[in-house]
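Inspection log for the structure reproduced underneath, given as structure tokens.
The values are calculated or read from the model by the stated rules, or taken from the named source; none is laboratory data. Not measured: the values here are computed from a predicted model. As a convention, Cβ positions derive from the backbone with ideal geometry for all residues, glycine included, and neighbour counts pool all protein chains shown. These accessible areas exclude ligands, DNA and RNA; they are computed on the full protein's heavy atoms, side chains included. Shrake-Rupley method; radii C 1.70, N 1.55, O 1.52, S 1.80 Å.
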Amino acid sequence: MPEVTGWLEDRDFSHPQLAAVYRAMTTLDERHAPIDPLTVAWEAQRAPGAPSEQLLAELEQTGMGSTAAYTAEQVLHTAALDRLDAAGHDLRNYGRHPSLAPSALVDHASQALQPTLDDRERIHHADREPELVPSDKEPASAAPCAPAHKVPTPDPEMEM
């Protein structure tokens, strides 16, 4: 979860019930609780927009065959393409509006493209190598280094 919570958002999920499952997982992660099918189902059903029993059963049975980061990147890329498509439709509709002044068209176009610029930043952040997450444990203090003593090698005994 630490690999994806910095850039994946629940609005990236196309299905509201999948977004609810992701919110449940992030909530559990914030509490340092276990994230398994039972606790995710319990947490997801406590919140509004709870996923159906069928969806939870499908997620438990199929699971994910890849890492969380890879799956999250796929979700983000799909959401970014959907938002880019929507922005393109908005731009086309603004361009067809006969009474829209050019300056207003530029302003509306800028607003329509803003979500895609945000997605670009999040995709860039997601494509970076995962940062090392500091553990909750405090590192052990280093033992003082004692100078190495040379152990004398024994002389082989001579046989007579």
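Here is a check on your reading of the model: is residue 51 open to solvent by 60 Å² or more (accessible area, probe 1.4 Å) and in a loop (DSSP other than H, G, I, E, B)? No, not satisfied.
Residues that are open to solvent by 80 Å² or more (accessible area, probe 1.4 Å), of a type in the set (A, V, I, L, M) and modelled with pLDDT of 80 or more were ranked within segment 57-109; the one that is nearest to residue 125 (Cα to Cα) is 81. Among the residues of segment 110-126, those identified as acidic (Asp, Glu) and open to solvent by less than 90 Å² (accessible area, probe 1.4 Å) are 118, 119. The single condition among (1) open to solvent by less than 70 Å² (accessible area, probe 1.4 Å); (2) closer than 22 Å to residue 70 by Cβ; (3) assigned to a loop (DSSP other than H, G, I, E, B); (4) not aromatic (Phe, Trp, Tyr) that residue 3 does not satisfy is (1).
Of all residues assigned to segment 6-21, none qualifies as being at pLDDT 80 or above, among the acidic types (Asp, Glu), in contact with a Pro (Cβ under 6 Å, 6 or more places away or on another chain) and not in a helix (DSSP H, G or I).
Check whether at least one residue in segment 32-44 is among the aromatic types (Phe, Trp, Tyr), under 30 Å from residue 114 (Cα atoms) and surrounded by fewer than 15 Cβ atoms within 10 Å (Cβ to Cβ), and report yes or no. Within segment 32-44, not a single residue is among the aromatic types (Phe, Trp, Tyr), under 30 Å from residue 114 (Cα atoms) and surrounded by fewer than 15 Cβ atoms within 10 Å (Cβ to Cβ).
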